Amino acid sequence: MLRRAKSILKTNQFTALYDKGYHTGSEFKTAHDLGIDTLVAIPAIGRKSQAPDPAYNVEHFKYDKASDSYQCPQGHELKSNGNWYKARNYKFKQYKTSACRNCPVRSLCTTSKANGKIVQRSEYKQYIEANFKRVQHQPEIYKKRQAIVEHPYGTIKRQWGFDHIITKKGIQNASADFGLIAIAYNLKRILNIIKEQGKLAFILNKQRHKAIFKLLSTFLSLFKPKIILPTHFLKIHSLHFSNVYLN
């Protein structure tokens, strides 16, 4: 998606806003390699993954890049054996310390009786953390995502009834379906702006223009609510229905 947005916009000077949890570490790395900033809210840690006392959750363990180690809230150093382990879609290292055995707050930090506290660090952790810091420092920008994206999707799904793909399965067919509905939404939005501002860029006084608008009117009449094109229309170039916030 980011590669396509960069290709369409001919720049990487924009910030991509995603819904909470819609991310993977590899996607953050891709965005970093493309020179694109992301703002994606990270879901809270599930209760089963938390420490008995939240003060000892992993986010309170400090990572030191130089020594490739973590320091726990009690000041103990957790080291890795240097091996990478494979999860479903990424690799990770494990960090632990023998100090867990006699730690006075062990029961607050972990429920593991055999190994003590084990911290896993994904190969993409640095990109995940960078995104998290951006969200913290720019909450007002992330809030724009709701205004940019939620309203169009709400209109399309709830008011127009387009809540599922109606063609055959496959990304190309699904893209065609949504592309048509996006065109309808964009045109309706343009007409509303024209109506509100009362600004018309040119008058459709030629027969070929009238024919084009008759075709568009027929197409848009398929959607609810029905859209009636006026005889005057604003000339728009490069209109995109996208999930990006331009800097």
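The values are calculated or read from the model by the stated rules, or taken from the named source; none is laboratory data. If you're wondering where the values come from, they're calculated on a predicted model, not measured in any experiment. Neighbour counts run over all protein chains shown; Cβ positions are idealised from the backbone, glycine included.
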- [ ] State whether the residues of the range 108-122 include one that is among the hydroxyl-bearing types (S, T, Y) and surrounded by fewer than 16 Cβ atoms within 10 Å (Cβ to Cβ).
- [x] yes
Open item on the list: Against the condition small (G, A, S), free of Cβ contacts under 8 Å to residues at least 12 places away in the same chain and farther than 29 Å from K143 by Cβ, how does A99 come out, does it pass?
Closed with: no
Open item on the list: I'm trying to understand the selection: among the residues of the range 76-99, which are closer than 20 Å to K113 by Cα, aliphatic (A, V, I, L, M) and touching a Ser or Thr at 6+ places or on another chain (Cβ under 9 Å)?
Closed with: L78
- [ ] Check the range 26-47 and report whether any residue there is in a strand (DSSP E or B), farther than 26 Å from P139 by Cβ and in contact (Cβ under 8 Å) with a residue 24 or more places away in the chain.
- [x] no
Task: Meets criteria (within 15 Å of I128 (Cα to Cα) and either surrounded by 13 or more Cβ atoms within 10 Å (Cβ to Cβ) or modelled with pLDDT of 95 or more (or both)) for D64 - done: no
Task: Filtered residues of the range 1-21 (kept if part of a loop (DSSP other than H, G, I, E, B), on the phi < 0 side of the Ramachandran plot and of a type in the set (D, E, K, R)) - done: D19, K20
Open item on the list: So if I check each of Y90, Y85, Y63, which one is in contact with a strand residue (DSSP E or B) (Cβ under 7 Å, 6 or more places away or on another chain) and under 21 Å from H137 (Cα atoms)?
Closed with: Y63
- [ ] Hey, can you tell me all the residues within the range 67-83 that are in contact with an Asp or Glu (Cβ under 9 Å, 6 or more places away or on another chain) and exposed (fewer than 14 other Cβ atoms within 10 Å of the Cβ)?
- [x] S67, E77, G82
Task: Matching residues, the range 48-67, being within 24 Å of V105 (Cα to Cα) and outside any helix (DSSP H, G or I) - done: Q50, A51, P52, D53, N57, F61, K62, Y63, D64
Open item on the list: Quick check on my filter: what residues within the range 38-56 are surrounded by 15 or more Cβ atoms within 10 Å (Cβ to Cβ) and either farther than 21 Å from Q126 by Cα or over 11 Å from the mean Cα position of the chain (by Cα) (or both)?
Closed with: A51, Y56
- [ ] Quickly run through the range 147-167 and pick out the residues that are within 19 Å of T15 (Cβ to Cβ), in contact (Cβ under 8 Å) with a residue 24 or more places away in the chain and either out of contact with any helix residue (DSSP H, G or I) (no Cβ under 8 Å at 6 or more places or on another chain) or surrounded by fewer than 16 Cβ atoms within 10 Å (Cβ to Cβ) (or both).
- [x] I148, V149
Task: Cβ pairs under 9 Å, 6+ apart, first in the range 135-146 and touching a residue at least 24 places away in the same chain (Cβ under 8 Å) and farther than 7 Å from L39 by Cβ, second exposed (fewer than 15 other Cβ atoms within 10 Å of the Cβ) and among the acidic types (D, E) - done: R145/D19
